[in-house]
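Reading through the structure tokens given below for one structure.
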Amino acid sequence: MSTQSQTALIHRFNGIPFTTRSSPDLLKSLDAFDAREDDILLVSYPKSGTHWLAQIIKQIYTPKVTLTSPIEFGDISKVEELNNLSSKRIIPTHLDYNMLPSNFKVKQCKAFYIIRNPKDTAVSMYHYYRDNPNLPTIDSWTVFLQLFLRGDVVCGSWFDHFLSWEEHKNDRNILFLFYEDMKKDLPTVVKKMSVFLGVNISDSEIKEICEKSSFTEMKSNVEKENSDPNHTVCALTSNRKLIFRKGAVGDWKNHFTPKQNKMFEEMFNKKMKLSELLASKQKLSKTLMDS
Ligand SMILES: Nc1ncnc2c1ncn2[C@@H]1O[C@H](COP(=O)(O)OS(=O)(=O)O)[C@@H](OP(=O)(O)O)[C@H]1O
């Protein structure tokens, strides 16, 4: 990554790298954000399946909801813009738990946290960096992986992000979802989501939601959505075409060398030792080993 491009496109807030799409003034003001009790948060580390989840949530609700761009993207006027929305708000965010505006915590807003095998997340993010002019230039996969493991990428360390949210895994208002489970059995995950949201949906509605949320369907709709001015995006670029790359489980195997895999797993095991919530750790380890 060249120092010059990194300086131009990235700034740090609380030690975490953000793109210039997140203004320091906005990030500074976030903690005072006026959350509403019926806000729904869609939380993820980048490249974990945020758009997929958003597509499903929008369909679960039949009354009007507004999917906003991430709460941390924009300038200070973003707060006002969100305050002025009269409809129910679905708010995506890549913020870690510590940076989440405290009013969401006080009001115990419902939140989904989607997690994906971090090796696949790293590969997805690498391609996103490589093809996205709004992000610093990356010289190679090897260089990117080092940055990823150091947490020197947008939104910081995958491990810190995950661990900050994992502590709250058993909170009543937070539902953890695995990308890999969605790939394996989407109808069951959609059902679980609807129960969590308190929305009744029939089996045929679930089937329709799954069809409309398939990777192929979402990828082919991307052109149409790009031209819709009311369609807000939750990505680090407004070019949605870059989002729908492969949508696969296990693509990491096409990128990691055995040495890189060993290094990654050592780091994973070391960091996860810090976590006390074993159930989630075991599930994640299984995801890592199986996919
Ligand atoms: N419907 C569906 N099914 C399966 N996979 C899907 C789907 N929609 C998006 N994706 C994949 O999710 C990856 C993008 O993650 P995010 O949406 O979190 O990206 S972002 O951080 O908001 O930019 C990105 O992963 P990769 O393909 O591995 O790069 C997308 O392809």
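The values are calculated or read from the model by the stated rules, or taken from the named source; none is laboratory data. Only a predicted model underlies this, so the values are computations on that prediction, with no experimental measurement involved. Neighbour counts are summed over all protein chains in view; Cβ atoms, including those assigned to glycine, are modelled from backbone coordinates with ideal geometry. When the accessible area is computed, the model is the full protein with side chains, heavy atoms only, and any ligands, DNA or RNA have been set aside. Shrake-Rupley method; radii C 1.70, N 1.55, O 1.52, S 1.80 Å.
Which order do Thr257, Thr66, Thr216, Thr19 take when ranked by solvent-accessible area (1.4 Å probe, heavy atoms of all protein chains), largest first?
Thr216, Thr257, Thr66, Thr19
For the residue pair Val195 and Asp75, what label-to-label distance in nm results when each label sits 7 Å from Cα along the Cα-to-beta-carbon direction?
In this crude spin-label approximation the distance works out to 4.7 nm.
Leaving out ligands and nucleic acids, and using a 1.4 Å probe, what accessible area per residue does the chain come to in Å²?
47 Å²
Can you tell me the FRET efficiency between Lys262 and Asp131 if r is taken as the Cβ-Cβ distance and R0 is 22 Å, rounded to the nearest 0.05?
It comes to 0.20.
So, with a 1.4 angstrom probe, what is the percent of accessible area on the chain that is carbon and sulfur?
Ligands and nucleic acids excluded, carbon and sulfur reach 51 percent.
Which value in Å does the Kirkwood hydrodynamic radius of region 141-217 take, with 1/r averaged over all unlike C-alpha pairs and then inverted?
Over region 141-217, the inverse of the mean reciprocal pair distance is 15.1 Å.
So who's got an amide H within less than 5 Å of the one on Leu42, skipping anything under 5 residues away but keeping other chains? H placed 1.01 Å off N, in plane.
HN-HN under 5 Å from Leu42: Ile91, Thr93, Phe112.
What net charge do the residues around Val195 carry, taking every other residue with its C-beta under 14 Å from that of Val195, with Lys and Arg at +1 and Asp and Glu at -1?
Neighbour charge sum, excluding Val195 itself: +2.
Rule-of-thumb check for the chain: C-alpha Rg over 2.2 N^0.38 Å?
Rg over 2.2 N^0.38 Å, computed on Cα atoms: 0.96.
Please work out the FRET efficiency for the pair Arg245 and Asn221, using the Cβ-Cβ distance as r and a Förster radius of 22 Å; give the result to the nearest 0.05.
My answer for the efficiency is 0.90.
Report the net charge of residues surrounding Pro24, where surrounding means a beta-carbon distance below 10 angstrom and charges are Lys +1, Arg +1, Asp -1, Glu -1.
Net of charged neighbours comes to 0.
Give me the number: length gained by fully extending Asn173 to Ser214, i.e. 0.36 nm times residue separation minus the C-alpha to C-alpha distance, one decimal in nm.
12.1 nm
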